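The values are calculated or read from the model by the stated rules, or taken from the named source; none is laboratory data. Here the structure is a predicted model, which is why all the values come from computation and not from measurement. Here the Cβ positions follow ideal geometry from the backbone for every residue, glycine too, while neighbour counts run over all protein chains shown. With ligands, DNA and RNA removed, areas are computed over all heavy atoms of the protein, side chains included. Shrake-Rupley method; radii C 1.70, N 1.55, O 1.52, S 1.80 Å.
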Amino acid sequence: MIQLDERFSSQRLTLRLVTEADCGPVYVGWLADPEVNRYLETRFTTHSETDIRAFVRDQLAHSHSWLFAMVLTAGKQHVGNIKIGPINPHHKYADVSYFIGDRSCWGQGLATEAIGLVTRIGFERLELNRLQAGVYSGNVASAKALIKNGFQKEGRFRKQLQGSAGWEDHLWFGLLAEEWRVQPNAVPATGTSSTTKIRLAEPPETPGLDSAVTRR
Ligand SMILES: CC(C)(COP(=O)(O)OP(=O)(O)OC[C@H]1O[C@@H](n2cnc3c(N)ncnc32)[C@H](O)[C@@H]1OP(=O)(O)O)[C@@H](O)C(=O)NCCC(=O)NCCS
């Protein structure tokens, strides 16, 4: 179980569980922002504060997934969410999904850093065997952020998704605990108090993406 008072920190980010206190107009605004939800399935539904609160209550009430707020450690500003789940307890794997709602924070390596943190939580804290993520083929930034954390592209479902500019392939990325453990940036976590301090070494350079992935 991940506790409400737990904090997982890296160089610039702290992850904590999203609570109802986060479910205000800013959060609603993120989900309604066409730039933010361009590659998110949430765009197919209009979200109100009420249904986001219900969603967050459900997340907190069950351990089938963990919804974290990405908080800038410096200003304590909530800038987006990252989720581990749904978790398959039998096969010990889970999806990873994320969005940075504050677009002024894009392009600064925050998604890469957040994925690094959640990967550690998934393998060390939740003792999962595998993490996976699905990405629209046009979402180059998201694919790069996964690859920088050692995720491998494992599959492509051709024209599976309706993107804003036509059909898109659905790319699947995966990372195994055994792969993560031997990664240079898999620095052991220090401290086990309710504030688990995680130190991440510089993420490696982005290996070449499959040339077919074009940025829309
Ligand atoms: C996708 C998203 C999470 C990326 O977050 P981010 O913090 O800007 O990503 P990072 O800064 O960690 O960038 C990761 C890599 O992508 C590159 N990148 C960032 N934006 C890019 C863009 N628009 N085009 C091409 N590459 C881009 C970065 O340069 C970096 O690669 P590099 O270090 O090799 O240069 C963010 O744009 C977002 O939240 N979008 C809306 C929701 C969404 O699409 N979520 C993902 C669903 S799968």
Would you mind listing the helices (runs of 4 or more DSSP H) fully within region 42-153 where at least 3 residues are surrounded by fewer than 18 Cβ atoms within 10 Å (Cβ to Cβ) and more than 9 Å from the ligand (Cβ to nearest atom)?
-> 49-61
Show the residue pairs that are 6+ apart or on different chains and have beta-carbon atoms under 6 Å apart, the first residue being within region 8-30 and under 16 Å from residue 125 (Cα atoms) and of a type in the set (A, V, I, L, M), the second being in a loop (DSSP other than H, G, I, E, B) and open to solvent by 20 Å² or more (accessible area, probe 1.4 Å).
-> 17/4
When (1) under 13 Å from residue 67 (Cα atoms); (2) part of a loop (DSSP other than H, G, I, E, B); (3) open to solvent by 20 Å² or more (accessible area, probe 1.4 Å) are applied to residue 38, the one that fails is (1)
Which one of these does residue 53 not meet: (1) free of Cβ contacts under 8 Å to residues at least 12 places away in the same chain; (2) closer than 26 Å to residue 6 by Cα?
-> (1)
Filter region 12-27 for residues that are surrounded by 13 or more Cβ atoms within 10 Å (Cβ to Cβ) and over 24 Å from residue 63 (Cα atoms) and give the result.
-> 12, 26
Which number in (1) under 23 Å from residue 7 (Cα atoms); (2) modelled with pLDDT of 95 or more; (3) open to solvent by less than 70 Å² (accessible area, probe 1.4 Å) marks the one condition that residue 181 misses?
-> (3)
Report whether or not residue 95 is among the acidic types (Asp, Glu) and farther than 25 Å from residue 129 by Cβ.
-> no
